[in-house]
Amino acid sequence: MMNKLSFEYSKEVEKAIKEKRPVVALETTIISHGMPFPENLNTATNVESIIREEGAVPATIGIINGLVKIGMSKREIEMFSKADDVVKVSRRDIPIVMANKSNGATTVAGTILLAKLANIDVMATGGIGGVHREAQNTFDISADLQELSNTEITVVCAGPKSILDISLTLEYLETMGIPVIGYNTDKLPTFYCHESRFDVDFKYTKPSEIAQVMLNQRNLSLKGGMLVCNPIPYKYSIDSSLIENSINSSIKTAKEKNIKGKDLTPFLLEKITSITKGKTLKSNIELMINNARLSSKIAIEFNKIR
């Protein structure tokens, strides 16, 4: 484990890691920047409960007063859900936030890095970041992809966020050697939408099959992890034309306000939620719950064979 001066484990997570029981890492940006209160708090609490019900241990990761928390308490999660001064933390920000003794909510990239340092093999999130639209002009590519290409971890998500350039995101994932696995689907889900016109690299129907791929990666000493794309249930999926129109309108507003960088994604998601009259917020909650269940099953199966 890491130096206890900078890392603090909850008793539940520390015990699970020592006993080599399955643990699922959870990001905190979804709490501080991805959803409004009280939906953010309710979702975070519900997701942790579901992971426990499935037989794994949740490890919600964040930084509080400069101290990395591997497994945040209910009080700490509630604080993140209400505070407006929590920093959005990717890989580059971690040492800065720690030095400044600030509070930081980890992105997918930040969570991947800290989870692996804590010996956690599976992470659950909503949607993965990727190559933004018009990246050929802005060079806006999420650090999530680079971190995943460097770290042995399996990230369970509902596919790339719909606001991205999906085609370029898939090209980047291929270039970086990151397998894109569809769980019970041949088509790539894109966050709010159950499927897209794009194919996944591989399809598996059992968590045990995905766990075996994880083990093979490690036995071959392959650098990097993999992406498991778990489609949002049909009844919560949103029509792709509605999403596309909402995204285009939101991107136009973002350009007018000169919003970019790490502020772009939360702005777009909030704007899209407003345009769709809350439909996307409901979808975001349900897909996160769906991913928590699958990530737990994968972590349990991997724990059996590792």
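The values are calculated or read from the model by the stated rules, or taken from the named source; none is laboratory data. Computed from a prediction, not measured in an experiment: that's the story for all the values here. Here the Cβ is made from the backbone with ideal geometry for all residues, glycine too, and neighbour counts use every protein chain on show.
Just need a number here: residues in region 116-127 that are closer than 19 Å to ILE210 by Cα and over 8 Å from the mean Cα position of the chain (by Cα).
5
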Filter region 131-174 for residues that are within 29 Å of SER49 (Cα to Cα) and in contact with a Pro (Cβ under 8 Å, 6 or more places away or on another chain) and give the result. ALA158, GLY159
On the basis of being without any contact (Cβ under 8 Å) to a residue 24 or more places away in the chain and farther than 24 Å from ILE163 by Cβ, does GLU8 make the cut? no
Return the only residue of ASN258, ASN248, ASN216, ASN290 being outside any strand (DSSP E or B), surrounded by 18 or more Cβ atoms within 10 Å (Cβ to Cβ) and of a type outside the set (Phe, Trp, Tyr). ASN290
Which numbered condition in (1) crowded, with 20+ Cβ neighbours inside 10 Å; (2) of a type outside the set (Phe, Trp, Tyr); (3) under 17 Å from the mean Cα position of the chain (by Cα); (4) not in a strand (DSSP E or B) is the only one that ALA16 fails? (3)
THR190 - would you say it is hydroxyl-bearing (Ser, Thr, Tyr), closer than 20 Å to GLY129 by Cβ and buried (at least 20 other Cβ atoms within 10 Å of the Cβ)? yes
Can you tell me which residue in region 219-233 is farthest from the chain's Cα centre (by Cα), limited to those that are within 13 Å of THR154 (Cβ to Cβ) and either small (Gly, Ala, Ser) or exposed (fewer than 15 other Cβ atoms within 10 Å of the Cβ) (or both)? LEU222
Identify the single condition in (1) at pLDDT 95 or above; (2) buried (at least 23 other Cβ atoms within 10 Å of the Cβ); (3) under 17 Å from the mean Cα position of the chain (by Cα); (4) not hydroxyl-bearing (Ser, Thr, Tyr) that PRO22 does not satisfy, given that it satisfies every other one. (3)
If THR138 satisfies all but one of (1) at pLDDT 95 or above; (2) farther than 21 Å from GLN217 by Cβ; (3) surrounded by fewer than 24 Cβ atoms within 10 Å (Cβ to Cβ), what's the number of the condition it fails? (1)
Show me the strands (runs of 3 or more DSSP E) found entirely inside region 19-122 where at least 3 residues are of a type in the set (Val, Ile, Thr), in contact (Cβ under 8 Å) with a residue 24 or more places away in the chain and in contact with a strand residue (DSSP E or B) (Cβ under 9 Å, 6 or more places away or on another chain). 57-64
Can you find a residue in region 47-56 that is closer than 27 Å to GLY278 by Cα, surrounded by fewer than 22 Cβ atoms within 10 Å (Cβ to Cβ), among the hydroxyl-bearing types (Ser, Thr, Tyr) and modelled with pLDDT of 95 or more? yes
Consider ILE163 against the criteria (1) of a type outside the set (D, E, K, R); (2) surrounded by fewer than 21 Cβ atoms within 10 Å (Cβ to Cβ); (3) farther than 23 Å from ARG293 by Cα: it satisfies all of them except one. Which criterion is unmet? (2)
Would you confirm, using the coordinates I've provided, whether GLU174 is under 24 Å from ILE247 (Cβ atoms) and in a helix (DSSP H, G or I)? yes
For a quick check of your reading of the model, give me the residue pairs whose first member lies in region 144-163 and is part of a loop (DSSP other than H, G, I, E, B), whose second is acidic (Asp, Glu), with beta-carbon atoms closer than 7 Å and at least 6 apart or on different chains. ILE153/ASP121
Would you check if there is a residue in region 210-230 being touching a Gly at 6+ places or on another chain (Cβ under 9 Å) and under 22 Å from LEU281 (Cβ atoms)? yes
